[in-house]
Structures are given as structure tokens and as C-alpha cells.
1. Among the residues of region A:188-203, is any assigned to a helix (DSSP H, G or I), under 30 Å from B:Q83 (Cα atoms) and open to solvent by 40 Å² or more (accessible area, probe 1.4 Å)?
2. B:T109 passes all but one of (1) touching a strand residue (DSSP E or B) at 6+ places or on another chain (Cβ under 9 Å); (2) of a type in the set (S, T, N, Q); (3) modelled with pLDDT under 90; which number fails?
3. With the requirement that a residue be open to solvent by less than 70 Å² (accessible area, probe 1.4 Å) and either within 13 Å of ligand 1 (Cβ to nearest atom) or small (G, A, S) (or both), what does region B:227-242 give you?
4. Suppose the filter is closer than 30 Å to B:V74 by Cα, open to solvent by 20 Å² or more (accessible area, probe 1.4 Å) and more than 14 Å from every other protein chain (Cβ to nearest Cβ); does A:F232 pass it?
5. Over 19 Å from the mean Cα position of the chain (by Cα), more than 15 Å from ligand 1 (Cβ to nearest atom) and farther than 24 Å from B:G103 by Cβ: does that describe B:E191?
6. Looking only at region A:121-179, which residues are among the basic types (K, R) and either modelled with pLDDT under 90 or touching a Pro at 6+ places or on another chain (Cβ under 7 Å) (or both)?
Amino acid sequence: MKTGMRKERIDRGIKVRSDSIYALSSWREISYLMAPRALLVGGFLLAPLILYFFPYWQKVLLIVCIYALLSMAFDFLANYVGLVCLGGSFFVGVGGYGAALLNKYLHFSPFLSIPVAALGGAAFCTFFLLPCLPLRGVYFAIITLMYPLMMTRIIEAFELFGGTNGMMDISGFANPWVEQYFLIISTLVFLFALRRLAVEDIGLVIKGIKDNDQSVRASGINITVVKAQALFYASFLGCFAGAYLAHTYMWAGLSMFALDFSIIPIAATVVGGGGSLLGAVVGAILLVPLSEALRAFGPLRIVSYSLILTVVIVIKGEGLLNYLSRKYSQFERWVEI
Amino acid sequence: MLTVRNLSKNFGGVTALNDINFAISKGEILGVIGPNGSGKTTLINCITGFIKASAGEIVFNGRNIKGMQPHNIVNLGICRTFQIMRPYSSMPAYKNLIIPLYGPRARKTGGWRGGGRHGDRNIIALDLLEEVGFERESKVPYKLAGTLPTGYLKRLELARCLALNPDLLICDEVFSGLSMSEIASMVPLIEKLNKSGVTIIMIEHRLKELFKVAKRVMAISYGDKIIEGLPAEVMANEKVKEAYLGADEGV
Ligand SMILES: Nc1ncnc2c1ncn2[C@@H]1O[C@H](COP(=O)(O)OP(=O)(O)OP(=O)(O)O)[C@@H](O)[C@H]1O
Ligand SMILES: [Mg+2]
């Protein structure tokens, strides 16, 4: 700290004046606004090429996308709708088994079974979570945590869909490039579509429910319908991830209902910063490779993982992306007092 | 237009409303008065479906609306303000109005000033805020609703109802917490609305201001309806005097 000086923060000249109209005066400012987006999109699109000689990390990249989808779903429900959903693995499992069934019995190709399983699975998940929608906070969270456990037990007990062995011989993708770009492009499209939705009028209604649900009802809007709609979007993302996994692993089984799919997205959202969807994706980009790299630590992996998480949360509680975007849009300079 | 028959509401053992009967016809302004805790807000909550009445009948335009969901009741044309204001704190004031303008009621009836297509809604919301007394050229309409003082929040409540193009508007103490000059600016607005055909029920503690607009008044105390009639008649009633005595003097 310099004596006689203080740090001053100034917002950069570019401020969003209206919803979609930027007050821009030059190409420099446009590129300034677009740069982070371009970095994200470009990075995702180039990554498979850059990782060409590291097939293992190409696989990690796919897992990043899977968790990015799940983190977006979590962030959307938690920070836009106000529902804390611990049922990421419910979505993955339903999507995964759905795609496997469609492929095995109806011989759908991956490009058909994934979207159909995502839509059908989302409808299935929404239907079963519908009775819980009036619940708030921890009660909704607990029920969503129980559903995947219940599904596992049911499948085990009745030996459904191959029982504990799962369903094997699901068709995979013919071409590894198609396999990678299909997921990467879908992830990007869903990210920007969901961000778009959030600033549309329906997005405001969704946010209104989180702010003050009674006011939304007093505006003549059925909040159960809107919540169900939001839940459908979120479970669509999760089921899409699950359906994709079934085709990459060429297998669907009980581990698709594993707790990881519910917990890691929450960690990713916290680390990256909730409320923007982008933060959730950034969190997944950081956490998934990190947890892979930590495999070297063997049994201590989870310890180091937890330590890093704790440190990030304690030091930058607002989440990395929120912190960075604040820094990015402000100058800091020393001024004399 | 609205007929309430034998309406009762118990919370556990507490009787908040006891056998209330009243009616209001189209174009009227009905005042509702009563000391704190007498059941005025509970009455509104029952009519608008936010809580379920224990017994009785609520008939709106020939239809029994008791037991209906609040959003369905709104869409029939009954809109209410909340005594404890319920803004969307994290949104700018004008964005608060996008939600009612987006809702099915505004879309069906055309909403306030017949607007309601996407894109126009921001402008309509700003116009509407100006109508209820937000300074158009100032920053106030763009401020986060959570940071606004009471006076503006009460108007925002009113604006939310206006956005819905109500047939029956129910105001739960929109004058309380406002300064004399703020009230003075709201009275003409209420009168103007009434002239344009909106039927209004006004719950108020500010009796002097209420009597300027309401021609007929109903008084309740401990959940019982005491009397209904012209303001002067009601204020002359012994029971009303008794109910108000000791509590706030009413004015
Ligand atoms: N949800 C509730 N649960 C239990 N009791 C309630 C509930 N809501 C209201 N009451 C009780 O019902 C009675 C009437 O309350 P109400 O809010 O209707 O009064 P009010 O006339 O609107 O008072 P005020 O002038 O202070 O707004 C009070 O005794 C109150 O404690
Ligand atoms: Mg009250």
C-alpha cells in the first residue's frame, strides 16, 4: 500500500445502457466486449485439434462438456429459478438409460436417440419432480437427492435393463471427430440459448419467481407451470449429457446414477461463480481437468481436491468468473488523496 | 359485481373473519376500515385466493371463485396490491412491470393501454410508471426495486395492478407510509381509474383521505362486520368509535 495514495476503481466507458443495445463508439470497444466470448467459443472449438496428440485429454475434454452441461442445469435452477437441485445424476441416469433403450430396441442411431432421449427424459424427470415443486430450499434438494438412489434400488431389485450389469452393446459414434464436435457444439449452443432465454420476458418471470413468487401469482401467472418449464430445460441438459455418455461408453448402467453427477456440478458452479451460466461452465473447465490431474495423488486425490475447493471458496467467495468480469470491466489506478 | 356471503376464516383456533357479508357493484369505490388485526388483509387474501376461506361464498360476475387459484382469479379481473410490498428487488423498477405485462391477463385484454407485444413492453412499463408518479426523466424507474423507498414501492404495487387492466382493484393500504403530498398526488389517480370504469375496494387507515374517494364504507372489528354505509354514518356508529378508541385515532 502506498502512503498518501488510494486505489480508485472506475468503470470502463462501455456500459450496457439498455438490454440489448450497447453504447459503442469504436471497433476496439466491440472487440473488447466480444473478446471473452470469442475466447470461450474459439477455445472449445480448437481444443480437440490442440489435444490431437493427447487422446486421453481429448476424453477429459468430453467430460468437461458433460459437467459443463450439468453445472449449467444446476446454476439455472439454483440462481434463476431458486430451486436447489441435487438430482444431476437423476437426469444423467434417465437420459443414459433412455438412449440405451432407444438404441437397443428401436435401433435409433446416436443422432436420433440422443435428442429423443433428452426430450423424453426431460419430460420424465419433470413429471416425477412435479409434486415437489411447491417445496422450497432444502426439502426440494433432499427429494432430488433421493430420486437417483431410488432408481438404483428399483433397477437392482427388479433386475431391470440388465440389472447390476447394465445395458451393453450400445452403438458408439462412428467417427471420433464427430463424436467430439457433436458434444462441444451442442454445449455451446445450449449455453448461449439458455443465456438468451434468461433475458427474454419468460426469463424475467422465472427470475421473478425467485425474487417474489407471490407477486408473480398476483400477476396472473401460474408459477407451477413456469417452474415446470424451467425444470424441463434444466433436466433436458442433464438428460442430454446422460444420453451422450451412453453412446460414448457404449453402455448404460447404475453408475450413471452416481453421486458425482450431482455434486461436482455444484462445486463447479461455486468455483466459477453462479448466476451467469458462464461461471458454471468455467468452473467445469477448471475442476474436471484438475480432478484428473490429481489422480497422480492416488488416495490423497480427494483430499487435495477438497483443499483446493475450500481455498477458492474462502478467498474468492463470489466465484472466479464474477471476480474476473468485475476486474475486466473496471480500471484500477492509484490516486493521491 | 362481487358478492361475499357468510365468509369465515379460522387460523387454528383464531377466528380472523366471522360471517362477513357484503357486495359491491360495478363502478363503485368501497372503503374498508377497521383497527389493526381486525381481518382486513385476511378478507383480501380470501377473495383473491391467496388463502382458502373456511366457509362461505365469493361470487364474482355470477361465478363462485372460492377455492380457485390466485392466478386464475387475477385472470378473471380481480387484482390486488400487497400491504407489505412485494417488489422484485433484484430487478430495475420498470422491469418489475414486464412480468404482469407478459402474463395471460394483459395479453388477453391488451393490458394497460392495449400494449403488450414483446419489445414494446419496456416502453409501456416506463409509461405506466410515469402514470403512477415515477419521474420519467429521472433515474428512479431504472433503479433496483430493492433500493426504492416506501412511497415508490406502493406506487409500484399499484402499477403492477394497472398493468393487468383490472375490473376490480383491491388496494391494501396504499396510502400508509406516504407523505401528505404523495397521497395528494395519488387520490386523483384513483379517481381517474374509477372514472374509467374500474371498481375499487380500498382498505385504509388514513380515513380522511379514504373518505375523499370512497362513497360507501364498511367497518370490521375482530373479524366481525360492524356496519356499512356512508362515511359519516359509519363514523357516528358507537361500535366503530369504540373499536378505534385507544388504538390509533384513525386519522
Ligand atoms: N397466516 C396467518 N396465520 C395465523 N393467523 C393469522 C394469519 N394471517 C393473519 N392472522 C391473524 O388474523 C387476524 C387478522 O389479521 P389481518 O392481517 O387480516 O389484519 P388487518 O386488519 O389487515 O390488520 P392491519 O391493519 O394491521 O393490516 C390477526 O389476529 C392475525 O394475527
Ligand atoms: Mg392488513
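The values are calculated or read from the model by the stated rules, or taken from the named source; none is laboratory data. Only a predicted model underlies this, so the values are computations on that prediction, with no experimental measurement involved. All Cβ positions, even for glycine, are placed from backbone atoms using ideal geometry, and neighbour counts span all protein chains on display. Note: accessible area is taken over every heavy atom of the protein model, side chains too, but ligands, DNA and RNA are not part of it. Shrake-Rupley method; radii C 1.70, N 1.55, O 1.52, S 1.80 Å.
1. At the first step, the residues of region A:188-203 found to be assigned to a helix (DSSP H, G or I) are A:188-199, A:201-203.
If we keep only those that are under 30 Å from B:Q83 (Cα atoms) too, we end up with A:198-199, A:201-203.
Pick out the ones that are also open to solvent by 40 Å² or more (accessible area, probe 1.4 Å) and you get A:199.
Yes: region A:188-203 contains one or more residues that are assigned to a helix (DSSP H, G or I), under 30 Å from B:Q83 (Cα atoms) and open to solvent by 40 Å² or more (accessible area, probe 1.4 Å).
2. B:T109 satisfies all of (1) touching a strand residue (DSSP E or B) at 6+ places or on another chain (Cβ under 9 Å); (2) of a type in the set (S, T, N, Q); (3) modelled with pLDDT under 90 except (1).
3. Scanning region B:227-242 gives B:G229, B:A236.
4. Working: closer than 30 Å to B:V74 by Cα: yes; open to solvent by 20 Å² or more (accessible area, probe 1.4 Å): yes; more than 14 Å from every other protein chain (Cβ to nearest Cβ): yes.
It is true that A:F232 is closer than 30 Å to B:V74 by Cα, open to solvent by 20 Å² or more (accessible area, probe 1.4 Å) and more than 14 Å from every other protein chain (Cβ to nearest Cβ).
5. Here the answer is no, as B:E191 does not meet what is asked.
6. Step one: filter region A:121-179 for residues among the basic types (K, R), giving A:136, A:153.
If the condition is that a residue be among the basic types (K, R) and either modelled with pLDDT under 90 or touching a Pro at 6+ places or on another chain (Cβ under 7 Å) (or both), then A:R136 is the only one that fits.
The rows are residues; the columns are (1) closer than 13 Å to A:F76 by Cα; (2) away from chain B (no Cβ under 14 Å); (3) modelled with pLDDT under 90; (4) within 15 Å of the chain's Cα centre (by Cα).
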{"site": "A:V199", "(1), (2), (3), (4)": "yes, no, yes, no"}
{"site": "A:G208", "(1), (2), (3), (4)": "no, no, no, no"}
{"site": "A:R217", "(1), (2), (3), (4)": "no, no, no, no"}
{"site": "A:I223", "(1), (2), (3), (4)": "no, no, no, no"}
{"site": "A:C239", "(1), (2), (3), (4)": "no, yes, no, yes"}
{"site": "A:G242", "(1), (2), (3), (4)": "no, yes, no, yes"}
{"site": "A:I264", "(1), (2), (3), (4)": "no, yes, yes, yes"}
{"site": "A:V288", "(1), (2), (3), (4)": "no, yes, yes, yes"}
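Residue-wise test of (1) away from ligand 1 (no atom under 15 Å from the Cβ); (2) in the same structural domain as B:I203 (by TED's automatic domain parsing); (3) of a type in the set (A, V, I, L, M); (4) open to solvent by less than 30 Å² (accessible area, probe 1.4 Å).
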{"residue": "B:T3", "(1), (2), (3), (4)": "yes, yes, no, no"}
{"residue": "B:I29", "(1), (2), (3), (4)": "yes, yes, yes, yes"}
{"residue": "B:I44", "(1), (2), (3), (4)": "no, yes, yes, yes"}
{"residue": "B:N61", "(1), (2), (3), (4)": "yes, yes, no, no"}
